[in-house]
1. Being part of a helix (DSSP H, G or I) and at pLDDT below 95: is that true of residue 16 here?
2. Looking at (1) at pLDDT 85 or above; (2) exposed (fewer than 10 other Cβ atoms within 10 Å of the Cβ), which is the only condition residue 91 fails?
3. Identify all residues within region 47-63 that are over 12 Å from residue 14 (Cα atoms) and either in contact with a helix residue (DSSP H, G or I) (Cβ under 6 Å, 6 or more places away or on another chain) or modelled with pLDDT under 90 (or both); write none if there are none.
4. Got a sec? Which of 66, 37, 25 is under 20 Å from the mean Cα position of the chain (by Cα) and at pLDDT 95 or above?
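The values are calculated or read from the model by the stated rules, or taken from the named source; none is laboratory data. Predicted, not measured: the structure shown is a model, and the values here were computed from it. We place every Cβ from the backbone using ideal geometry, glycine too, and count neighbours over all the protein chains shown.
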């Protein structure tokens with residue numbers, strides 16, 4: 001696997017990870033707003049609710065994750081990863 005392909009995969013993984021984290025955070029906030037204590041829910045229940053939330057709000061969460069990657073210095077090395085490998089100059 002070449003470097004460009006690896007970077008694209010890392011970028012996609014980062015987007016999905018950030019979107020899932022945001023979904024979990026939203027689910028926990030919703031539970032708290034409804035008067036529940038999050039610590040009384042097992043991780044599996046929260047993950048299932050987060051998966052459902054992600055399915056319903058995927059476009060929004062993915063757009064937010066991509067924007068976060070573009071803004072954050074922590075993700076600077078992934079910013080050019082969404083370019084196609086054909087756009088890269090040939091290696092000599």
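1. No.
2. (1)
3. 49, 50, 53, 54, 61
4. After ruling out the rest, the residue left standing is 25.
Yes or no, residue by residue, for (1) touching a strand residue (DSSP E or B) at 6+ places or on another chain (Cβ under 9 Å); (2) in contact (Cβ under 8 Å) with a residue 24 or more places away in the chain; (3) under 20 Å from residue 76 (Cα atoms):
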{"site": "5", "(1), (2), (3)": "no, yes, yes"}
{"site": "13", "(1), (2), (3)": "no, no, yes"}
{"site": "25", "(1), (2), (3)": "no, no, no"}
{"site": "31", "(1), (2), (3)": "no, no, no"}
{"site": "51", "(1), (2), (3)": "no, yes, no"}
{"site": "54", "(1), (2), (3)": "no, yes, no"}
{"site": "58", "(1), (2), (3)": "no, yes, no"}
{"site": "64", "(1), (2), (3)": "no, yes, yes"}
